[in-house]
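Asker: One structure is given below, represented as structure tokens, and several questions about it will come after.
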Amino acid sequence: MDNKVERVMLSLQKNNIKPYYVETKEEVVPLVNYLLNEGDTVSAGGSVSLSETGIIEHLKCGRYNFLNRNVPGLTDEDIRNIYISALNSDAYFCSCNAVTENGELYNVDGNANRICAISFGPKSVIMIVGVNKIVCDMNEAIKRVKTIAAPKICKHRGNHTYCRKIGHCISIDKGQIDMASGCDSPERVCCSYLITGQQRVKDRIKIILVNDNLGF
Ligand code: SF4
């Protein structure tokens, strides 16, 4: 483990966020299997990191009650109900847009269902985070979303936004570097912004740091 990762883990601990560290993405499923109990109700936000580490497949294995919003044929109303039920789950899985060396988490959502679950509701939040998401501070976290995460997410989902075409947020070209400046696209993925600092409920949020590049 390098010094930067060690610093992040100590900062997360200080903020009452429980850090775990694994060298490879193959170690993530066994750790998650250990953290969960058979019969747990589990749910997940949309995340490439979860697919890349095999977590989504693991949640479907039958050991858990998986509230899966990606089942074919679900209506918008069904998906909305899954989002709401997810807030009462035993464990909610997602990744994180950026983790600062101070142990703060930065997440930006289009629908805000994920940042709601991170903030309140699920008994446990388990984030799977590649070391590529570590940044030095919050300014770097904001920049990371505008120049890396959002453009790649828009490309992955096929959203018609400025950053998908140009590779960075329109706010940068306008000289607006504040957090919430952005495009007017109805398919914009940056609508609600969450900074997670020190937590009152110790270890409710857990972060599995993976020594690999995962997701966007
Ligand atoms: S506000 Fe729009 S252009 Fe800017 S990063 Fe978000 S989706 Fe892309």
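Asker: So for the pair Val5, Asn81, with labels modelled 7 Å out along Cα→Cβ, what separation do we get in nm?
Answerer: Going from the Val5 label point to the Asn81 one covers 4.3 nm.
Asker: Still on this structure, I have one more. Please give me the summed charge of the neighbours of Met138: other residues whose Cβ is under 15 Å from its Cβ, Lys and Arg +1, Asp and Glu -1.
Answerer: -1
Asker: In debye, nearest 20, what is the charge dipole magnitude of region 10-63 about its Cα centre with +1 on Lys and Arg Cβ and -1 on Asp and Glu Cβ, if you could check?
Answerer: Once rounded to the nearest 20, the dipole reads 220 debye.
Asker: Give, in nm to one decimal, the length gained when the segment between Asp203 and Gln176 is fully stretched (0.36 nm per residue of separation minus the Cα-Cα distance).
Answerer: Once the chain is fully extended between Asp203 and Gln176, it gains 6.1 nm.
Asker: While we're looking at this one, here's another question. With label points built 7 Å along Cα→Cβ from the Cα atoms of Glu38 and Asn102, find their separation and express it in nm.
Answerer: Between Glu38 and Asn102, the simple spin-label model gives 4.5 nm.
Asker: Please compute the length gained on full extension between Leu74 and Glu23, using 0.36 nm multiplied by the number of residues separating them and subtracting their Cα-Cα distance.
Answerer: Length gained between Leu74 and Glu23: 14.7 nm.
Asker: I've got another one for you. Tell me the trypsin sites (Lys or Arg not before Pro) within region 40-81 that lie in a loop according to DSSP and have at most 16 other beta-carbon atoms within 10 Å.
Answerer: Qualifying residues, ordered by number: Lys60, Arg63.
Asker: Between Ile195 and Asn16, what is the spin-label point distance in nm, taking each point 7 Å from the Cα along the Cα→C-beta axis?
Answerer: Each label point is offset 7 Å from its Cα along the Cβ direction, giving 1.9 nm.
Asker: Take the Cβ-Cβ distance between Glu187 and Asn213 as r, set R0 to 30 Å, and report the resulting FRET efficiency rounded to the nearest 0.05.
Answerer: Using R0 = 30 Å, I get an efficiency of 0.70.
Asker: Roughly how many Å is it from the Cα centre of region 1-60 to that of region 175-190, as a whole number?
Answerer: Taking the Cα centre of each part, region 1-60 and region 175-190 sit 30 Å apart.
Asker: Which whole-number value in Å³ per residue fits the convex hull of the alpha carbons of region 73-216?
Answerer: Value for region 73-216: 119 Å³ per residue.
Asker: Here's something else I'd like to know. With +1 on each Lys and Arg Cβ and -1 on each Asp and Glu Cβ, how big is the dipole of region 3-210 about its Cα centre, in debye rounded to the nearest 20?
Answerer: Computed charge dipole of region 3-210: roughly 300 debye.
Asker: Given the DSSP H assignment, sum -39500 (n - 2.57) over each helix run of at least 4 residues in the chain and divide by its residue total; what's the result at 222 nm in deg cm²/dmol, nearest 500?
Answerer: -8500 deg cm²/dmol
Asker: Another question, then. Please go through region 1-83 and write out the chymotrypsin sites (Phe, Trp or Tyr not before Pro) that DSSP classes as loop and that have at most 11 other C-beta atoms within 10 Å.
Answerer: Loop-located and lightly packed - none at all.
Every number here is computed from the coordinates shown, using simple stated rules; none is lab data. What you are looking at is a predicted structure, and each value in this text was computed from that prediction instead of being measured. Don't worry about glycine lacking a Cβ; one is built from the backbone with ideal geometry, like all the others, and counts go over all protein chains shown.
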